[in-house]
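Trainee: First, the structure itself, so that you have it in front of you.
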Amino acid sequence: MTTEKVKLLIIGSGPAGYTAAIYAARADLKPVLYQGLQPGGQLTITTEVENYPGYPEGVQGPEMMMDFEKQAKRFGADIRFGYATSVDFSSHPKKVVVDEKHTIEADAVIIATGASAKWLGLDSEKKLNGFGVSACAVCDGFFFRGQDVAIVGAGDTAAEEASYLAKLCNKVTMLVRKGEMRASKAMIHRVENTPNIEILYHHETLEILGEQSVSGVRIRNNQSNEEREISITGFFVAIGHEPNTQIFKHALDLDTNGYIVTKQGSTYTTAEGVFAAGDVQDHIYRQAVTAAGSGCMAALDAERWLAAKGIH
């Protein structure tokens, strides 16, 4: 096991990680960033991004993340391919093992490992991901204006996203596996009273149809076992997100859903000198622009913390 000492280590490489690297490099903190298993994060599996400021014509998700990476490198951030496999934040310096073979000792750490959307696990869902299949209505709903779409899920997020889609789309079919929704009464009331939302209780998805893009969905009523097909052009999955926090569960306080707890209005975690940014600590907004904003906050928080400790 080799060991290396750095001033600031950034774990993760979506908008939060790369923005933290840009700010930290410009502050001469000489950040080392490990990209993780999915360099660029969730945006690398997104096709068109139209709601990020500064791209008036829109941009492909992977291209946007390459722009972020280039900008971080321009200021001297040391960006590496590698995956954090274990951490020890109990003493100074913080210890992070990368790829189970290299130990980084860091004065400060920024965690930006993001969250992963939960999927149904269908082959057709994987095949058409980005071609009509999406896990973010706010990101992609715009592309389905005036069209018929379906959304699967039963919680507040699903109800909220169905309401959002209803403003843009001709018809929204909501597929709920059980006989009731888990959402709050207010959210259930809202979807039930939206004329172009149809809720199909006791229904599950068997297959998403389409060759190049989504053209329909085959569903089954799990009470009668009756199968049928619905014509749609967009299929949204809203069954939750999983924060990528497995390796931190013994080192930091996590909330009941596994997200890293940060001090309100900051990126400070419960371990001194460790900061968290982006979707790994945000289960409310989950947008590229808010992740980038919190990456900036984390770099500024880390810079001020290091200065206060007299670490130069």
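Trainee: Explain nothing, just compute: Karplus ³J(HN,Hα) = 6.51 cos²θ - 1.76 cosθ + 1.60, θ = phi - 60°, for every residue of the range 195-208 in order, whole Hz, x for Gly and Pro.
Mentor: Once θ is set to phi - 60°, the couplings for the range 195-208 become x, 9, 10, 10, 9, 9, 6, 6, 10, 10, 8, 9, 7, 8 Hz.
Trainee: Using a Gaussian network model of the chain whose springs link C-alpha atoms within less than 10 Å, name the residue from G54, G114, G12 with the highest mean-square fluctuation.
Mentor: Looking only at G54, G114, G12, the biggest GNM fluctuation is shown by G54.
Trainee: Next question. Only one of the listed values, (i) 32; (ii) 16; (iii) 36, was derived from the coordinates as percent of Cα pairs over 33 Å apart; which label is it?
Mentor: (i)
Trainee: Sort C296, C169 so the one with the fewest other Cβ atoms within 10 Å of its own Cβ comes first.
Mentor: Working: C296 17, C169 24.
Placing the least packed residue first, the sequence is C296, C169.
Trainee: So for the chain, averaging the separation of alpha carbon pairs under 8 Å that are six or more residues apart and normalising by length, what relative contact order in percent results? Display every interim value, and only then the final one.
Mentor: Details: 730 pairs, mean separation 64.4, N = 312.
Rounded, it is 21 percent for the chain.
Trainee: If you don't mind, another one. Choose one of S134, V237, A292: the residue whose Cα lies farthest towards the positive end of the charge dipole of the chain (beta-carbon charges +1 Lys, Arg; -1 Asp, Glu; about the Cα centre).
Mentor: Checked the options; the winner is A292.
Trainee: Let me ask another. If you count the DSSP beta bridges with both ends in the chain, what percent of them are antiparallel, to the nearest 5? Numbers along the way, then the final one.
Mentor: Working: 27 of 62 bridges.
Given both bridge residues lie in the chain, the antiparallel proportion sits at roughly 45 percent.
Trainee: Based on Cα positions only, what radius of gyration and what Dmax would you give for the range 96-138, in angstroms?
Mentor: 17.2, 46
Trainee: Can I ask one more? Where the only charges are on Cβ atoms (+1 Lys, Arg; -1 Asp, Glu), what is the dipole of the range 119-237 about its Cα centre, to the nearest 20 debye? Kindly include the intermediate steps, with their values, before the conclusion.
Mentor: Working: 13 positive and 16 negative charges, 45 e Å.
The calculation lands at about 220 debye.
Trainee: Taking neighbour Cβ counts within 10 Å as the exposure measure, how do D279, D107 sort from fewest upward? Present the calculation step by step, with values, prior to reporting the outcome.
Mentor: Numbers: D279 29, D107 20.
Least crowded to most crowded, the residues run D107, D279.
Trainee: To the nearest 20 debye, what charge dipole does the chain have about its Cα centre, counting +1 at the Cβ of each Lys and Arg and -1 at the Cβ of each Asp and Glu? Numbers along the way, then the final one.
Mentor: Details: 30 positive and 38 negative charges, 115 e Å.
That gives a dipole near 560 debye.
Trainee: Another question, if that's okay. List the aspartates and glutamates whose Cα sits under 19 Å from the Cα of K167, skipping any in the same chain fewer than 8 residues away.
Mentor: Straight-distance partners of K167: E50, D140, D148, D156, E192, E198.
Trainee: Helix hunt in the chain: which complete DSSP H runs extend at least 27 Å axially by C-alpha with mean Kyte-Doolittle at least -0.5? Don't skip to the end; give the middle numbers.
Mentor: On the way: long enough: 288-308 (30 Å, 0.76).
Both cut-offs are met by 288-308.
Trainee: With r defined as the distance between the Cβ atoms of E50 and K185 and R0 fixed at 41 Å, what FRET efficiency is calculated, to the nearest 0.05? Please report the intermediate quantities before stating the final value.
Mentor: Details: r = 34 Å, r/R0 = 0.82.
According to the calculation, E is roughly 0.75.
Trainee: Quick one: grab the alpha carbon gyration tensor of the range 1-63, order the square roots of its eigenvalues as a ≥ b ≥ c, and give me rounded if a/c is under 1.5, else prolate or oblate depending on whether a/b is larger than b/c.
Mentor: Values: a/c = 4.72, a/b = 1.81, b/c = 2.60.
It comes out oblate by the Cα gyration axes.
Trainee: Just want the ordering: F81, F275, from fewest to most Cβ atoms lying within 10 Å of their own Cβ.
Mentor: Details: F81 12, F275 30.
Result, fewest neighbours first: F81, F275.
Trainee: Just for the range 119-237, what percent of DSSP beta bridges are antiparallel, to the closest 5? Each step should come with its number before you reach the end.
Mentor: Working: 11 of 28 bridges.
The answer is about 40 percent antiparallel.
Trainee: Oh, and also: Order of 184-191, 224-231 by packing, highest average Cβ count within 10 Å first? Before the final figure, lay out each step's value.
Mentor: Values: 184-191: 14.5, 224-231: 11.4.
So the peptides 184-191, 224-231, ranked by packing, come out 184-191, 224-231.
Trainee: Using Cα positions and a limit of under 25 Å, work out the lysines in reach of K94, with same-chain residues fewer than 8 apart set aside.
Mentor: Excluding near neighbours in sequence, the set is K5, K7, K30, K73, K249, K263, K309.
Taken together, the values in this text are just the output of simple stated rules run on the coordinates, not laboratory data. Remember, predicted model here, so these are calculated numbers, not experimental data. Cβ: placed from backbone, ideal geometry, glycine included. Neighbour counts: every protein chain shown.
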